[in-house]
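All remarks here apply to the structure that follows.
Here, each number is a calculation from the coordinates, and none is a lab measurement. Note that the structure is predicted; figures quoted are calculated from it, not measured. Positions of Cβ are generated from backbone atoms using ideal geometry, with glycine treated the same way; all protein chains shown enter the neighbour counts.
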Amino acid sequence: MANTTAAPNGGKPRVLIAGAGIGGLAAALCLLERGVECEVYEQASELKEVGAGLWLSVNGARVLFALGLEPEIRRATLEADERVVRLWDSGKTWWLYKKGVTPAAHAPFVMLRAQLHRILIDALERRWPGTIRLNARCTGYTQDANGVRIDFAGGGSASGDALIGADGLHSKVRETMFGAMPGRFTKALACAGWCPWSASSRITAIPRSPPGSAPRRTCRPIPPAGRTRI
Ligand SMILES: Cc1cc2nc3c(=O)[nH]c(=O)nc-3n(C[C@H](O)[C@H](O)[C@H](O)COP(=O)(O)OP(=O)(O)OC[C@H]3O[C@@H](n4cnc5c(N)ncnc54)[C@H](O)[C@@H]3O)c2cc1C
């Protein structure tokens, strides 16, 4: 990646963002909407479908609505019947959301991570093309009184007034700031499987582990992508 430097921008700050995941892209949209110049540096060579289903909480959705993305979010959302918390040892169950009972305004937004990611990418590309720089793997940063410089694998750097580390679980920004933090296996595992959407009508009930069977064992449906799979 070639060197880029903070351009004189009428005294406005320039923010560097490491990582074009949900966090980095949403931060970039918020900053640009407020007139703050920024650039997002992503290690991947292309932005493609990654991840499974997610529940977007109502407060998160409000941020995206404020960015003018309500129509896209609503189009991507699957209407949820219920959102339930269930204790593994007693089976005690309570609803965080139940269609027809909970106010509709509290309905969670269920979608694929890839759909949310695409909505954010498209919004950035449409409004501020060129904001996302691919093939830019951050290896660390340095800072002084004049600002911050982010370094990239294979040479090159970029300079700005502030740096946001949105580079995920193995963040190089965090490592530079706090030192290496090796992961710790918590023995909690998540497995995902897919079946064709056309076969989903044969699923009459989502299987759940019986009370007391195993801690943290559960099963949850993942929303369909383009109504082709679930
Ligand atoms: C099984 C599972 C289920 C989940 N379910 C939900 C859910 O239902 N609802 C919910 O809200 N959240 C859910 N989450 C959490 C959610 O997915 C994460 O919190 C979220 O994706 C984190 O976003 P992020 O932008 O911080 O990081 P990421 O999405 O991990 O993005 C990081 C980005 O930075 C890039 N990157 C990494 N290193 C570098 C580098 N050195 N230089 C440049 N770029 C770099 C990566 O390529 C990636 O594009 C779930 C997570 C898991 C694991």
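Site pair residue 122 and residue 170 shows an inter-label distance of 3.1 nm when each label is modelled 7 Å from Cα along Cα→Cβ.
Compared with the alpha-carbon gap, the fully stretched path from residue 33 to residue 135 is longer by 34.2 nm at 0.36 nm per residue.
Cross-link partners for residue 187 among the lysines, with Cα-Cα distance under 26 Å and sequence neighbours closer than 8 places in the same chain left out: 92, 172. Cβ-to-Cβ counts within 10 Å put 120, 112, 96 in ascending order as 96, 112, 120, the fewest first. Note on residue 50 and residue 96: their simple-model spin labels are 2.4 nm apart, each label 7 Å out from Cα toward Cβ. Taking amide H as placed 1.01 Å from N in the peptide plane, residue 14 has its amide H under 5 Å from the amide H of 161, 162, each at least 5 places away in sequence or on another chain. Our note on the geometry: Cα centres of the range 128-175 and the range 19-90, 21 Å apart. Sorting the segments 55-66, 97-108, 133-144 by their residues' average number of neighbouring beta-carbon atoms within 10 angstrom, most packed first, yields 133-144, 55-66, 97-108.
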